[in-house]
1. Suppose the chain between ALA88 and ASP65 were pulled fully straight at 0.36 nm per residue; how much longer would it get relative to their current alpha carbon spacing?
2. Return, ordered by residue number, the residues of the stretch 28-47 whose backbone nitrogen is under 18 Å from a label point located 7 Å along Cα→Cβ of GLU58.
3. Just the Cα atoms of the stretch 1-73, one point each, no solvent: what log10 I(q)/I(0) does Debye give at q = 0.18 Å⁻¹?
Amino acid sequence: MKFREQRRPVDRDITVRTPDGRMSAKLRDISSSGMKILAPPVPLDTTVFVPIMGRDLEARVVFTDGTTLGLRFVHPLSKEQVTAMVSASGRGGFGQVQRFREM
């Protein structure tokens, strides 16, 4: 029986670089093998880059439904890297784009 990587929930604004330029997206979950984001449509098999914690993670679009993209990392992350990224998402050090709500 094949088990899928454990997905870790995240709710974070990120920037994704596509061949057509940069776009804003919302990271919904991350695992060693990829991530799920809410974003405008991008064609299947497109290579994208996601800047996270000072790294440009290269990924390929493997799923799309018009509002959600499934990205598979070209170089899988270790479980320790995933844990560090999930922890950093709560401290504001996760991605390049940070949004603040006015009070």
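1. 5.4 nm
2. 33-35, 45-47
3. -0.63
No lab work stands behind these numbers, since they all come straight from the coordinates. As the structure is a prediction and not an experimental result, all values here were calculated from the model. Because the Cβ atoms are built from the backbone with ideal geometry, glycine has one as well, and the counts that use them run over all protein chains shown.
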